[in-house]
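Sharing a structure, written as structure tokens. Questions coming.
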Amino acid sequence: MFTIILAVEDNKILESISRPHNQEYLIQHSEDYPILKELCIDDYDVFNEQDTDQLIFELNKIKENVGDIEDLKHIDEIIGLAEKCRFIKGSVIAFNPFNASLLGE
């Protein structure tokens, strides 16, 4: 399971969301998903506001193959965090596969 974190450069967490088993649809292995292809369950991945357009595009694309309504809502929540990241200078979206906080809090 990933916890998706919206944070700013001083490691302040603004928001975080998670959903059990979200790695099953967030991790992509195709070259069609250059952002989501980077995700893995044994390390965290961090993307900045410059990556958000591509991240949002890829998240919308995977929604086509997700049937569970709660999973679709979760993807929409991630898109919402990415949209916030787009407009908050110095912010990042982190995908944390660990139970402990990525930013040490």
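Laboratory data are not the source of any read-out in this text; all were calculated from the coordinates shown. The model shown is predicted, which means the values in this text are computed figures rather than measured ones. Cβ: placed from backbone, ideal geometry, glycine included. Neighbour counts: every protein chain shown.
Fewest Cβ neighbours within 10 Å first, please rank TYR44, TYR33 accordingly. All intermediate terms of the calculation are to be shown ahead of the outcome.
Values: TYR44 16, TYR33 20.
Ranking TYR44, TYR33 by Cβ neighbours within 10 Å, fewest first, gives TYR44, TYR33.
Can you give the angle from 0 to 90° between the axis of helix 52-62 and the longest principal axis of the chain, with both taken from C-alpha atoms, to the nearest 10?
30
Where the Cα atoms of region 3-96 are projected onto their three principal axes, how long is each span, largest first, in whole Å?
36, 26, 26
While we're on this one: What ranking of PHE95, PHE2, PHE57, PHE87 emerges when the number of other C-beta atoms within 10 Å of each C-beta is taken as an exposure proxy, fewest first?
Listing PHE95, PHE2, PHE57, PHE87 from fewest to most nearby Cβ atoms yields PHE87, PHE57, PHE2, PHE95.
So, R0 is 25 Å and r is the distance between the beta-carbons of HIS21 and VAL46; what FRET efficiency does that work out to, to 0.05?
0.70
Related question: Does anyone have the angle between helix 69-87 and the longest principal axis of the chain? Alpha-carbon axes, 0 to 90°, nearest 10?
The angle comes out at about 40 degrees.
Which residues' amide hydrogens lie under 5 Å from the amide hydrogen of TYR44, considering only partners 5 or more residues apart or on another chain, with H built in the peptide plane?
Residues meeting the criterion, in which the H sits 1.01 Å from N, do not exist here.
Neighbouring Cβ atoms within 10 Å as the yardstick, rank LEU26, LEU14 fewest first.
Exposure proxy ranking, most exposed first: LEU14, LEU26.
Still on this model: Would you please give the residues with an amide H less than 5 Å from that of ASN22, counting only those at least 5 places away or on a separate chain, with H modeled from the backbone geometry?
Placed amide hydrogens put PHE2 under 5 Å from ASN22.
Using +1 at the C-beta of Lys and Arg and -1 at the C-beta of Asp and Glu, which of CYS40, ILE27, ALA7 has the Cα lying farthest in the positive direction of the dipole of the chain?
Result: ALA7, furthest along the dipole toward the positive end.
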